[in-house]
Amino acid sequence: MNFFVKPDDTIAIKIYAHQNGDQFEFFDEPKTSDDEPLSFSFRRPNYQDSTAILSVAQTFVNGEMQLNSVILADQVVRQLLVGWSLKDDNGDPIACKYSNVAQANPELMRMVAQKILNVIKI
C-alpha cells in the first residue's frame, strides 16, 4: 500500500452552466442540450495542504474553535485548483490562476468548492 499523495494526483469535477439571458445557473447534470460543461481539476491534498488549509479556516467563537466554511472553501480553491476549462467570450482559454478565480462568478466558484469538498478529505 502507498500512503503518500503523489504531486500529480488530481481530482476532476464537472459542472454544467445554463445561460438564461444575462443570468447563469449551475448544475451537477445538464438540464438542456445547450448547457455548457465546465471542468475543474484539483490537486489531491496531502498532509501539508490539509494543515495549511485548516489552520487558516479555524476561528474561535466564545473560546471554542470552529471552522469557517467560507474561508475553508476559499482556501481549498486557492491552494488546490490546478486547472479549468473556462474560456473568454472569444473562446480562448482563461489561465487558471487566483486573480482570475477572484473575478469569476461567485455562484459558480461556491458550487465548485462545494463539489470538491464533498470528494476530498481535509
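The values are calculated or read from the model by the stated rules, or taken from the named source; none is laboratory data. Being a predicted model, the structure only gives us computed values, none of them experimental. Don't worry about glycine lacking a Cβ; one is built from the backbone with ideal geometry, like all the others, and counts go over all protein chains shown.
Structure notes:
- Check on Lys115, surrounded by fewer than 14 Cβ atoms within 10 Å (Cβ to Cβ) and among the basic types (Lys, Arg): no
- Of all residues making up the stretch 48-77, the number that are without any contact (Cβ under 8 Å) to a residue 24 or more places away in the chain and either more than 16 Å from the chain's Cα centre (by Cα) or surrounded by 13 or more Cβ atoms within 10 Å (Cβ to Cβ) (or both): 18
- For beta carbons closer than 8 Å, sequence separation of 6+ or different chains, a first residue in the stretch 85-113 that is more than 16 Å from Ala17 (Cα to Cα) and in contact (Cβ under 8 Å) with a residue 12 or more places away in the chain and a second that is surrounded by 12 or more Cβ atoms within 10 Å (Cβ to Cβ) and of a type outside the set (A, V, I, L, M), the qualifying pairs are Cys96/Gly83; Cys96/Trp84; Tyr98/Arg78; Val101/Arg78.
This table checks each residue for (1) within 15 Å of Lys14 (Cα to Cα); (2) part of a helix (DSSP H, G or I); (3) among the β-branched types (Val, Ile, Thr); (4) in contact with a strand residue (DSSP E or B) (Cβ under 9 Å, 6 or more places away or on another chain).
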position	(1), (2), (3), (4)
Arg78	no, yes, no, no
Val82	yes, no, yes, yes
Gly91	no, no, no, no
Ala95	no, no, no, no
Ser99	no, yes, no, no
Ala102	no, yes, no, no
Leu108	yes, yes, no, yes
Val112	yes, yes, yes, yes
Lys115	yes, yes, no, yes
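- Screening Pro45 on (1) surrounded by 15 or more Cβ atoms within 10 Å (Cβ to Cβ); (2) touching a strand residue (DSSP E or B) at 6+ places or on another chain (Cβ under 9 Å) shows it passes everything except condition (2).
- Scanning the stretch 2-47 for residues that are touching a residue at least 60 places away in the same chain (Cβ under 8 Å) and part of a loop (DSSP other than H, G, I, E, B), we see that the one that is nearest to Ser85 (Cα to Cα) is Asp28.
- In the stretch 57-76, the qualifying residues are those that are among the small types (Gly, Ala, Ser) and assigned to a helix (DSSP H, G or I), and the one that is nearest to Pro45 (Cα to Cα) is Ala73.
- Residue in the stretch 84-91 that is modelled with pLDDT of 95 or more, of a type in the set (Ser, Thr, Tyr) and under 23 Å from Ile122 (Cα atoms) present: no
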